[in-house]
Amino acid sequence: MFIYILISLSIIILTVIISVLWLISWSKKPDADYVLKFIAKNPQRSSLIIIKNGKSLANVNANERKPLASTVKIMIAIEFSQQAANGSINPDEKVHLDDLARFYVSHTDGGAHEKWLIEMEKHGFLQDRSVSLMNIAKGMMSHSSNANTEYLMMRIGLENINKNVNKLELPQHEKLFPFVSALFIPYEVELNKGLDITNKQDTKKILAHIQEMSQEAYINEAIKIHQKLSQDVNGEYKECVNIREWYNSEFDKINSKRFTHSTTSEYISILEQMNKGSYFPSHVWAYLQPIIEWPMKFENNQARFKHVGGKGGSTASILTYAFYAEDKEGNKMELAAFFNDIEGYETMKLSNSSSAFQLAMFTEGAKWKKKLQQLH
């Protein structure tokens, strides 16, 4: 009898292992169809808008606010370019890596910052441990370096960035704030409340306190931490915080929900202007174009398109991207897709399918037209 029970348990365990391995393998395979199927089944967690040559191909919850993740960096790139054009900053100014390191939090960006540094060194842009402001802005977009992002927030001014969002006439767009600094808010609550963040009961109290904070209070706390990091020359503050010891998925969910929100409709409006190439003055576009059109450094994009630009972003529960493209025949397309409250295999499958979906939309419009119509 015992042997039969053991065999049955072994079969169950083996079946579970095989199922998990299959799910992981399936989640890693790009599938453009999966994106549309997910949107159709989960419209409340999705927002999509696609425009081709001025005509709408898809519109799902385009005016519904959703958290932006790193797609919000488009706004920082615009303000940076405007300041570079008017002489407020010198894009050729060299910045020491130690200044960037103040805002670097290891194991929170998927290795993006390190990969960017390797590329800078490989191409000779890193000299005397210094890199230009322009390359910092490019690295914010091409590699999604969060350290670069927070450094630029300090240099060009968070207030200036948010004022520019208003000038761009984006009424649904919430204020930007230092989102990496915000990761440290639980630690500050721990200090202020005299709690122990490594204690399960105290962790629940910290989570509850952050959930009860207003968005304004949350942003103000993030800004205070940002100021601390800007002065954290020796990294002593980050060492005290020791985020790796206590950060977990619950804190990540709160951070994701608190992220700056906007709509796919608003981002499409900006992408359309960029795709026209005439909205921003030429002296601004001279700086913005090489930053925003970072995908054009890849040969396969050069072979297919005249222009491709935009930005994507993700957390464990958010996936967003907003891109524009013009093909060799002069067809222009803009696409913005925001997903929130996703988890597990959904996050992995959507992330791994995002490039395939974008490419399919940009290059196989006729084939996908009927599929897109089913979303209406």
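Students often forget the sequence filter, so: which lysines lie under 21 Å Cα-Cα from Lys228 once same-chain residues fewer than 8 apart are removed?
Correct list for Lys228: Lys175, Lys193, Lys238.
For segment 329-368, what is the convex hull (Cα atoms) projected area averaged across all directions, in square nanometres?
3.3 nm²
In nanometres, what is the gap between the two model label sites at Gln172 and Ser56, each 7 Å from Cα along Cα-to-Cβ?
Those two pseudo-labels are separated by 1.1 nm.
Scan segment 197-287 for GluC sites (Glu not before Pro) in coil per DSSP, keeping those whose Cβ has at most 14 other Cβ atoms within 10 Å, and list them by number.
none
For segment 246-368, list log₁₀ I(q)/I(0) at each q in 0.11, 0.20 Å⁻¹, using the Debye formula over Cα point scatterers of equal strength and ignoring solvent, two decimals each.
-0.44, -1.16
If you add up the charges near Ile89, with Lys and Arg at +1 and Asp and Glu at -1, over every other residue whose beta carbon is less than 12 angstrom from its beta carbon, what do you get?
-2
Could you calculate the contour length gain from Asp98 to Ser249, that is, 0.36 nm times the residue separation minus the distance between their Cα atoms, to one decimal place in nm?
Fully extending the segment from Asp98 to Ser249 adds 51.4 nm.
Probe of 1.4 angstrom, ligands and nucleic acids ignored: what's the accessible area per residue over the chain, in square angstrom?
Dividing the accessible area of the chain by its residue count gives 49 Å².
Work from the charge dipole of the chain (Cβ charges, +1 for Lys and Arg, -1 for Asp and Glu, about the Cα centre) and give the residue of Leu195, Ala336, Phe38 farthest towards its positive end.
Ranked along the dipole, the leading option is Phe38.
Restricted to Cα positions, what overall size does the chain have along the principal axes? Three whole-Å values, descending.
Computed over the Cα atoms, the extents are 80, 56, 42 Å.
Of all the accessible heavy-atom surface of segment 55-105, with the other protein chains kept in place and a 1.4 Å probe, what percent is carbon and sulfur?
Solvent-exposed carbon and sulfur of segment 55-105 make up 39 percent of the total.
Report, in cubic angstrom per residue, the convex hull volume of the C-alpha atoms of segment 124-221.
154 Å³
Given 10 °C and 1.306 mPa s, how large is the Stokes-Einstein diffusion coefficient of segment 209-314 in µm²/s, with Rh as the Kirkwood radius over Cα pairs?
D = 89 µm²/s.
Given axes a ≥ b ≥ c from the Cα gyration tensor, I'd like to know whether segment 62-155 is rounded (a/c under 1.5), prolate (a/b larger than b/c) or oblate.
oblate
Which distance in nm do the two modelled labels at Lys122 and His283 give, with both placed 7 Å along the Cα-to-Cβ direction?
Calculated label separation equals 3.6 nm.
Would you mind working out the magnitude of the charge dipole of segment 219-366 relative to its Cα centre, with +1 at each Lys and Arg C-beta and -1 at each Asp and Glu C-beta, to the nearest 20 Debye?
Charge dipole of segment 219-366: 240 debye, to the nearest 20.
So what's the back-of-envelope 222 nm ellipticity for the chain, counting only DSSP H runs of four-plus at -39500 (n - 2.57) apiece and dividing by all residues, rounded to 500?
About -17000 deg cm²/dmol.
What dipole magnitude, in Debye to the nearest 20, does the chain give about its Cα centre under +1 on Lys/Arg Cβ and -1 on Asp/Glu Cβ?
1280 debye
Once Rh is set to the Kirkwood radius over Cα pairs, what Stokes-Einstein translational diffusion coefficient, in µm²/s, holds for segment 94-142 at a temperature of 4 °C and a viscosity of 1.567 mPa s?
Answer from the Stokes-Einstein relation: 118 µm²/s.
State, as an integer percentage, the relative contact order of the chain based on alpha-carbon contacts under 8 Å between residues 6 or more apart.
Once divided by the residue count of the chain, the mean separation gives 29 percent.
Checking the table Lys138/Lys332; Lys257/Lys297; Lys328/Lys349; Lys328/Lys370 against a 27 Å threshold on Cα-Cα, which pairs fail?
Lys257/Lys297; Lys328/Lys349
The values are calculated or read from the model by the stated rules, or taken from the named source; none is laboratory data. Remember, predicted model here, so these are calculated numbers, not experimental data. Neighbour counts run over all protein chains shown; Cβ positions are idealised from the backbone, glycine included. We work out accessible area using only protein heavy atoms, side chains counted, and drop any ligands, DNA or RNA first. Shrake-Rupley method; radii C 1.70, N 1.55, O 1.52, S 1.80 Å.
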